[in-house]
Amino acid sequence: MATTSITECEVIVLHITRTGAISYCTDGMWGKVKADVRMAWNRFPYTEFRAAFAQMCKDRGAKMESVSRALRHMTSRTTELYYARIRAEYAFRELENAFSNFTEK
C-alpha cells in the first residue's frame with residue numbers, strides 16, 4: 001500500500017486572539033477544543049462546526065462569496081444551500097438601509 005504525506009494545506013480553523021486579531025488555531029488549541037466538546041456532547045460533530053462557523057460569519061456581515069471561499073467551496077451556491085443563509089432580520093435591515101439612502105430627485 002502506497003502512502004502519501006501532506007506537505008501543505010489550507011487553514012480550516014481560525015482563532016481570534018484577546019486583542020481581536022485573527023490567527024491560526026494551533027494543534028494544541030484544536031485538541032483542547034475537541035476534548036472540551038467531546039466531554040460536553042460525548043461526540044464531536046465536525047459537520048456542525050463548519051455550519052456554525054459559516055453562519056457566524058454571515059451573521060456578522062461577511063459576503064457569501066467570502067464565506068464560500070473560507071469553506072473552500074467551488075461556488076457560493078453550495079455554501080448558501082447547506083451552510084449559511086442570510087437571516088430575515090438582517091435581510092430586512094439591509095433593505096431598510098438601502099431605501100433610507102434613496103432620495104428622489
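The table below gives the values:
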{"quantity": "Filter result for SER68 (in the same structural domain as PHE49 (by TED's automatic domain parsing), among the small types (Gly, Ala, Ser), under 30 Å from HIS15 (Cβ atoms) and modelled with pLDDT of 85 or more)", "calculated": "yes"}
{"quantity": "Any chance LYS32 is in the same structural domain as TYR83 (by TED's automatic domain parsing) and either modelled with pLDDT of 80 or more or basic (Lys, Arg) (or both)", "calculated": "no"}
{"quantity": "ALA98 at pLDDT 85 or above, loosely packed, with under 10 Cβ neighbours inside 10 Å, among the aliphatic types (A, V, I, L, M) and more than 19 Å from the chain's Cα centre (by Cα)", "calculated": "yes"}
{"quantity": "Enumeration of residues in segment 72-97 that are of a type in the set (A, V, I, L, M, F, W, C) and in a helix (DSSP H, G or I)", "calculated": "LEU81, ALA88, ALA91, PHE92, LEU95"}
{"quantity": "Residues that are within 18 Å of PHE92 (Cβ to Cβ) and in a helix (DSSP H, G or I), drawn from segment 55-71", "calculated": "GLN55, LYS58, ASP59, MET64"}
{"quantity": "Of all residues in segment 35-65 being loosely packed, with under 12 Cβ neighbours inside 10 Å and polar (S, T, N, Q), the one that is modelled with the highest pLDDT", "calculated": "THR47"}
{"quantity": "Residues of segment 1-29 satisfying the condition of being hydrophobic (A, V, I, L, M, F, W, C), surrounded by 10 or more Cβ atoms within 10 Å (Cβ to Cβ), assigned to a loop (DSSP other than H, G, I, E, B) and at pLDDT 70 or above", "calculated": "CYS25"}
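The values are calculated or read from the model by the stated rules, or taken from the named source; none is laboratory data. The shown structure was predicted, so the numbers you read here are calculated from the model rather than taken from an experiment. Here the Cβ is made from the backbone with ideal geometry for all residues, glycine too, and neighbour counts use every protein chain on show.
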